[in-house]
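Working notes, structure below.
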Amino acid sequence: MDDRTHFTVTDSLMRYAEFLGYGELHTKIDDKTGLKAFIAIHNLHRGPAIGGCRLMSYSSVDKAIEDALRLGHMMSYKAAINNLPHGGAKAVLIKPKEEIHDRNAYFEAFGDFINDLGGRYITAVDSGTSPHEMDIISRRTPYVTCTSQLGGNSDPSPLTALGVGRAIQAAVKFKMNQDSLEGVHIAIQGAGHVGYYLAKQLHELGARLSMADVNVKALQRCIDEFNVTVVPPDDIYHLECDVFSPCAFGAVLNLKTINQLQAKIVAGSANNQLAHHHYGALLHERGILYGPDFLINAGGLIHVAVTYAHGDLQKSTEQISNIYHTVYDIYERAKSENRATNEIAEQIARKRLGE
């Protein structure tokens, strides 16, 4: 069978899709290659939807669809708040239990799937894929970025870190009236890819760094290169610092941890940092300035969107750097309206998406 095939979507998933404001959900099965794929297109109001293609194992089809829906929705908000001419989408490929027999044929079949959508979806690298797979997909469709011809890189971490670093600079200027990060104490939760590049950037700008991570090897690299102070993972929340930067797990900002915070600013790369949407208001009430995660961690998306349109790495870097001004405007509006920054950012994104 080599055509798009409909799966039965459970009632709970359908309600979830409706709640998120979808959109479209496309499916394809190709028995010849073992391809089982979903493309969740959240919104097309601003232009073709863009989002990564992940190849992962899932415990069930429902889990794969849920992942696509959740991530596609997030991509719409990232694109809208950063004023990109795109909606959001996500492609999820269920990794076969056995090794893919012919990887070229597998990704060519996925390229045909994308091409059948007529430009409604533009794909990019994500977990389990790389510029090599994007090159294969490009044999069958022009609706692909992150190819080797476009200077593709399978690791968006440096670009994500660049945007987060600019948001921290904006927050320090707004909250502490400092143009420089010299001597500013920043506590980074997570020494992984983004945490490492963020620490590198902040160290070069003169910040004083504390870091926490359960990965001793990753942490040691940051100690050796940036002279960071190590903090036990459970102590990072109540460390006295200027900036707390969550760069590991989502949902780390809850009632307990927010009340522990001794920071003036929260700005990090992790997705879905707020355990509940309303906790942004709690941060606001405590006088802690919050950099909305879907705005400030969008460096990777900005890069793939701009390079797809213009093939210009410098232009994408400039637009990522402009996160400084975008988030600074939100900080000012939050103060003027006495509202949480995440509420304002979400309101702007929804308006731009035509919701």
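State whether one or more residues within region 137-144 are part of a helix (DSSP H, G or I), closer than 30 Å to Leu117 by Cα and touching a helix residue (DSSP H, G or I) at 6+ places or on another chain (Cβ under 7 Å). Give the derivation first.
If we filter region 137-144 for residues that are part of a helix (DSSP H, G or I), which is where we start, we get 137.
Then drop every residue that is not closer than 30 Å to Leu117 by Cα, which leaves 137.
Narrowing the set further to residues that are touching a helix residue (DSSP H, G or I) at 6+ places or on another chain (Cβ under 7 Å) leaves 137.
The answer is yes, given that some residue of region 137-144 is part of a helix (DSSP H, G or I), closer than 30 Å to Leu117 by Cα and touching a helix residue (DSSP H, G or I) at 6+ places or on another chain (Cβ under 7 Å).
Looking at region 38-58, can you tell me whether even one residue there is assigned by TED's automatic domain parsing to the domain that holds Glu133, touching a Leu at 6+ places or on another chain (Cβ under 6 Å), of a type in the set (A, V, I, L, M) and over 21 Å from Val304 (Cα atoms)?
The answer is no; no qualifying residue exists.
Quickly run through region 84-107 and pick out the residues that are surrounded by 15 or more Cβ atoms within 10 Å (Cβ to Cβ), within 28 Å of Asn43 (Cβ to Cβ) and not hydrophobic (A, V, I, L, M, F, W, C).
Scanning region 84-107 gives His86, Gly87, Gly88, Lys90, Lys95.
Name the single residue that is surrounded by the fewest Cβ atoms within 10 Å (Cβ to Cβ) among those in region 199-242 being more than 23 Å from the chain's Cα centre (by Cα) and of a type in the set (S, T, N, Q).
Asn227
Please verify whether Arg333 is more than 20 Å from Ala49 (Cβ to Cβ), more than 21 Å from the chain's Cα centre (by Cα), of a type in the set (Lys, Arg) and assigned to a helix (DSSP H, G or I), treating the condition exactly as stated.
Yes, satisfied.
Yes/no per residue for (1) over 20 Å from Tyr331 (Cβ atoms); (2) of a type in the set (D, E, K, R); (3) in contact with a Pro (Cβ under 9 Å, 6 or more places away or on another chain):
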site: Pro158; (1), (2), (3): yes, no, no
site: Val164; (1), (2), (3): no, no, no
site: Ile168; (1), (2), (3): no, no, no
site: Lys175; (1), (2), (3): no, yes, no
site: Gly190; (1), (2), (3): yes, no, yes
site: Gly195; (1), (2), (3): yes, no, no
site: His203; (1), (2), (3): yes, no, no
site: Val216; (1), (2), (3): yes, no, no
site: Gln220; (1), (2), (3): yes, no, no
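Could you list, ordered by first residue, the pairs with Cβ atoms under 6 Å in which the first is in region 109-121 and in contact (Cβ under 8 Å) with a residue 24 or more places away in the chain and the second is acidic (Asp, Glu) and buried (at least 21 other Cβ atoms within 10 Å of the Cβ), at least 6 apart or interchain?
Ala109/Asp30
Results for (1) buried (at least 24 other Cβ atoms within 10 Å of the Cβ); (2) farther than 30 Å from Ala124 by Cβ; (3) without any contact (Cβ under 8 Å) to a residue 60 or more places away in the chain, shown as yes or no for each residue.
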| residue | (1), (2), (3) |
| --- | --- |
| Asn259 | no, yes, yes |
| Gln262 | no, yes, yes |
| Ile265 | yes, yes, no |
| Gln273 | yes, no, yes |
| Tyr279 | no, yes, yes |
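Val125 passes all but one of (1) modelled with pLDDT of 95 or more; (2) crowded, with 24+ Cβ neighbours inside 10 Å; which number fails?
For Val125, the failing item is (1).
Report, ordered by the first and then the second residue, all pairs with beta carbons closer than 9 Å, sequence separation of six or more or different chains, a first member in region 19-38 that is in contact (Cβ under 8 Å) with a residue 40 or more places away in the chain and under 11 Å from Phe113 (Cβ atoms), and a second member that is aromatic (Phe, Trp, Tyr) and part of a strand (DSSP E or B).
Within 9 Å, the pairs are His26/Phe38; His26/Tyr121; Lys28/Phe38.
Which of the residues that make up region 163-192 are crowded, with 21+ Cβ neighbours inside 10 Å and assigned to a helix (DSSP H, G or I)?
So in region 163-192, the residues crowded, with 21+ Cβ neighbours inside 10 Å come out as 163-172, 181, 184, 186-191.
Listed by number, the residues that qualify are Gly163, Val164, Gly165, Arg166, Ala167, Ile168, Gln169, Ala170, Ala171, Val172.
Among the candidates Lys264, Lys256, which residue alone is in contact with a Cys (Cβ under 9 Å, 6 or more places away or on another chain) and within 30 Å of Arg339 (Cβ to Cβ)?
Only one candidate qualifies: Lys264.
Test Ala207 against the criterion of being of a type in the set (Gly, Ala, Ser), out of contact with any Lys or Arg (no Cβ under 6 Å at 6 or more places or on another chain) and within 20 Å of Phe249 (Cα to Cα), and give yes or no.
no
The values are calculated or read from the model by the stated rules, or taken from the named source; none is laboratory data. Just so it is clear, the model here is predicted, and its values are computed rather than measured. Positions of Cβ are generated from backbone atoms using ideal geometry, with glycine treated the same way; all protein chains shown enter the neighbour counts.
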